[in-house]
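Written below as structure tokens is the structure these notes are about.
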Amino acid sequence: MIWSLIVGAIIGVIAGAITNKGKSMGWIANILAGLVGSFVGQALLGSWGPSLAGMALIPSIVGAVIVVAVVSFFLDRANN
């Protein structure tokens, strides 16, 4: 379980770096984005490619990018 949190955090950090929103979200949000993004990515794209801690890395990163983009869109919209 701890390994899944670590991998989820790494996936969330990668997604935050791709979208340039990682620094503003914080590390807990990055972990959540990585874990939720892993679920979303694997649901949409399947579980192909290399996997780590039960998460297919490529679909997980794509899913986390989607989650980070959607969450930051709504947070930006709420702040304006």
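The values are calculated or read from the model by the stated rules, or taken from the named source; none is laboratory data. Just so we're clear, the structure is a prediction, and the values are computed from it rather than from any experiment. Using ideal geometry, Cβ is built from the backbone for each residue, glycine included, and neighbour counts are taken over all protein chains shown.
Against the criterion of being surrounded by 14 or more Cβ atoms within 10 Å (Cβ to Cβ), not in a helix (DSSP H, G or I) and not aromatic (Phe, Trp, Tyr), SER38 does not qualify. Exposed (fewer than 15 other Cβ atoms within 10 Å of the Cβ) and part of a helix (DSSP H, G or I), is that true of VAL70? Here the answer is yes, as VAL70 does meet what is asked. Within region 1-29, residues that are of a type in the set (Lys, Arg) and in a helix (DSSP H, G or I) reach partners that are surrounded by 14 or more Cβ atoms within 10 Å (Cβ to Cβ) and at pLDDT 80 or above with beta carbons closer than 8 Å, at six or more positions or on different chains, in the pairs LYS23/GLY16.
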